[in-house]
Amino acid sequence: MRSSRLFLLIAILWAGATARFGALVSADEWLPITPEESKMTGDPKAPGAPAIILYRQIDRDDSDSREHNYVRTKIFTEEGRKYADVEIPFLKGREKIRNIKARTVRPDGSIADFDGKVYEKEIVKARGFKVLAKTFTLSDVQAGSIIEYQYMVEFDSDYVFNSQWVLSHDLFTKHAKFSLKTYPWPVQWSWPNNLPDGVKPPSEDGKYIRMDAQDIPAFQAEDDMPPENALKYVVDFVYNARGFDKDAEEFWKKQDRFWYFGEEEFVNKRKAMEGAVAQIVSPGDSPEEKLQKIYAKTQGIRNTTYQIGKTEQEQKRAKEKDINNVEDIWKRGYGDEFQVNWLFLALARAAGFDAYALRTSRRDDRFFKKSLMNAGDVGTNAVLVKLNGKDLFLEPGVPHAPLGMMPWSQTGVAALKLDKDGGTWLTTPIPDSSASQVVRKADLTLDSEGNLSGKLAVTFTGLEALWRRVDEQNEDEPHRKGMLENYVKEIVPVGIEVALTNKPDWDSSSPSFVAGYSLKVPGWVSGAGRRVLLPVGLFSATEKHVYEHATRVHPLYFHYMSQRMDDVQIELPLGWQVTSVPQPVTQDAKLLIYKSRAENKNGRLHLERSLRVDLVSLEQKYYPALRNFYQLVKNADEQQIVLQPQGVSSGN
C-alpha cells in the first residue's frame, strides 16, 4: 500500500514537472526517476537496442534567443556505454553552449555528478563558418545506468533563425516534449517528412507552440543516403515578415517580386559598371573572352563569406563599410558571396550580355518543396547568362568555381529566375560524369622483396577539384598536405608510405588540380609456393567495403556523377617473368560501368582500371542490383597476376 502511494506521488511529481516550461529543469534540477525506469532492461518497441532515450525535452524561446535541452538515456548493454560520450554541436559565431550539467545514476540508485572537463572540437567547416561540438564523457556508466544531461543554447540576437524540432535520434525515444515561443513575426510550421505513427501535430497553447511525442523510432544512418533533414522526423518553423499565402504559387510570385526589385536596386549602377567593363575587356575580345575576363575579375574580389569568421571586435577594427550596391563592391574590392554574384550580373549586363538573376535552392541539407513556402530554402543566388544561344549557370561568388560550373549542392535543383511578373522556375543542370574525374597515374618499380615504390600523379577535375579547393580555402600548407596524403592512404588497401612532392595550384579556378607524390607500398605481392601473386586493384580500397549490408533502409544518393581512372605502370625485378594475367573485365550496368585490364609488355606490367558512376539518386528497391555490381567490382580488383621470380623454374 505504501509503495503504491509512493509510486503515485512520483507519477504526480513527474506529470507536474514535465508540464512546466523553462522552470522544469533549472540549473540544478533533475526530473524524478520512476521505479519503472530504474528496473527497465529493454523495450519491446526497440528490441535489442543497446540503449534508449527515456525522455527528451526541448524548450526554445526565439524571442529571447535561447533553447534549453534535457536528455535522459537508459543504458542496457556494454555496447550502450558508448553513449556516455556526449557531443553537442553548435555553429561558431552564432551559437553558444552554456550551463552544461550531467550525471550518471548507477543501477543501485547512487549518483555520480559530472565534474570533468568539457572539450571543443571541429565537426564541419564551410563558407567561413565552423560547426563545432562541446564534448564530454560521463563517468562510471555501466549496463543498467541512467545518464542525463542538460544545457542551454544561446543564439546570436542579430539573426532571425528559422526554428526546427528534430524528433529523430539514433536511439529509440520513449517520450519527448517540445515547446517554442516564437518571434513576434508571422510564422508557419510543417512536418515535411511526416510524423511518427500516433504522434499528433503541434498545437498552440497561449504564447507557445507545443508537441508531445511517444515512441519515436531510432534513425538509422547509412552510407550514400540523402541529407538527414530530408529523412528524419522534423518540425520546421518558418518566419516571413511579409506573411504567408494559402496558395503557394501566389506566395512565390510575391517573393519573386520582393527579391527582383531588391536585386535591381542593388545592381542599377549602369554608368559605373560600363566604366568598370572598359577596364576589364578589350574591344576586339570575342564574347567568350569578354565573359571569361569579367568572371575572373569578379572572382578576384575579396569574398568575405569564405573568410574565417571574425569576432565583433575584429570587425570593428577592420572598419569595413557596409556594401549598398555594386559600385560599392567595385570601389572597395570586397563583398560577400551574394554581392559578388550580383556584381558579376551587373558587369555582364553592362558588357551587353543577356544576364538574369537567379535564386536557387540547395540539396546538401534538405530537398526543396514549393508547398512549404520557405523562402530560406531558396536562399542562394546565381546568374544565368546567354552565350551563343546557350544558357550558362554561373556562380563567381564561389571561390575557384570554373566558368560554367556551380557547386554540386546547387546542381539539379529548383531555381527561380527573377522578373517583375512573378518569376520563372528552372532546374539547374547536373554535369555529366566526364566533367568530374579523378585520374591516377603511377610509375612504379617492384623490388625482389615484393615492395612497390615510385611516383604517383593524381589529377582532380571539375567538382572533384572544386570541393577540395573550397574546403581547404582557409587552411595552411601542412593541413593541405596532410589532406592530400590521407587521400592516397585511403584508396590503397594496405599500409603505405606517401609524401606530397609538389605544391598544387590551390588558388586558381582552373578546371583541374594536380597532386604529385612519392609512394611506397610495402609487401604488395604475396608468395604462393614457387609463384608470387600481385593484385591488380592498387587503388581499390574505396570500393572494397561499400554496400556490405544485405538490406537497405533509405534511398541511395550521390553528390554528383563522376569517373575514376587508373593507369599504373610497374617495372618488374630483373629476370622475373609473368606467368599469367587475368582476362579483361567489363561490368556494364548502364549507369555504372567498370573496366579493368592487365597487360605484360616485355617485363613491364600495365594496369588500367576505370569506374564510371552516372547516378545522383537511386530508389531503395534497386539496392540489391547496386550491391551486386560492387561485389563484382571487388572480385575483379582482387584478381591476381602470377609472377615467377628469377631462378625459379616453371617446371619445378
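Read-outs throughout are calculated quantities, based only on the coordinates presented, and are distinct from any laboratory measurement. Since the structure is predicted, the reported quantities are computational estimates derived from the model, not experimental observations. We place every Cβ from the backbone using ideal geometry, glycine too, and count neighbours over all the protein chains shown.
How big is the charge dipole of the chain about its Cα centre, in debye rounded to the nearest 20, if each Lys and Arg gets +1 on its Cβ and each Asp and Glu gets -1 on its Cβ?
100
The range 545-615 to the range 56-89: how many Å between their Cα centroids?
45
Can you give the FRET efficiency to the nearest 0.05 for Q188 and V553, using r as the Cβ-Cβ distance and R₀ = 45 Å?
The value I calculate is 0.90.
Which translational diffusion coefficient, to the nearest whole µm²/s, is obtained for the chain from the Stokes-Einstein equation, given a Kirkwood hydrodynamic radius over C-alpha pairs, 37 °C and 0.692 mPa s?
Translational diffusion coefficient: 113 µm²/s.
First select every other residue whose beta carbon is under 13 angstrom from the beta carbon of V514; then total the charges, Lys and Arg +1, Asp and Glu -1.
+4
Around S562, under 11 Å between beta carbons, what's the net of Lys plus Arg minus Asp minus Glu among the other residues?
-1
In which sequence would H545, H68, H559 go, from the one with the fewest C-beta neighbours within 10 Å to the one with the most?
Lowest count first: H545, H559, H68.
What is the local net charge at D637, summed over the other residues whose Cβ is closer than 13 Å to its Cβ (Lys, Arg +1; Asp, Glu -1)?
Every neighbour counted, the sum reads +2.
Between E78 and Q620, what FRET efficiency follows from the Cβ-Cβ distance if R0 is 35 Å, with the result rounded to 0.05?
After rounding, the FRET efficiency stands at 0.65.
List the lysines whose Cα lies under 20 Å from the Cα of K595, skipping any in the same chain that are fewer than 8 positions away.
Within the straight-line limit of under 20 Å, K595 reaches these lysines: K441, K544, K634.
Run the simple label-point estimate for S508 and S157 please: 7 Å along Cα→C-beta, distance reported in nm.
Taking the two extended label points, one gets 5.0 nm.
Can you tell me the FRET efficiency between D421 and D285 if r is taken as the Cβ-Cβ distance and R0 is 45 Å, rounded to the nearest 0.05?
Taking R0 as 45 Å, the efficiency between D421 and D285 is 0.85.
Straight distance only, please: which aspartates and glutamates reach the Cα of K207 with their own Cα at less than 18 Å, same-chain residues fewer than 8 apart left out?
The reachable aspartates and glutamates, counting only those whose Cα sits under 18 Å from K207, are D59, D61, D62, D64, E67, D236.
Which loop GluC sites (Glu not before Pro) in the range 455-559, with loop taken from DSSP, have no more than 15 other Cβ atoms within 10 angstrom of their Cβ?
E475, E548
What lysines does K200 reach when the alpha-carbon gap must be under 21 Å and sequence neighbours fewer than 8 apart in one chain are set aside?
Cross-link targets: K45, K174, K177, K181, K232.
Averaging the inverse of every distinct alpha carbon separation and then flipping it gives the Kirkwood radius. What is it for the range 434-644, in angstrom units?
Hydrodynamic radius (Kirkwood, Cα pairs) of the range 434-644 is 18.5 Å.
Over the alpha-carbon set of the range 248-430, divide Rg by the Kirkwood Rh and report the Rg/Rh ratio to two decimals.
Ratio of gyration radius to Kirkwood radius for the range 248-430: 0.97.
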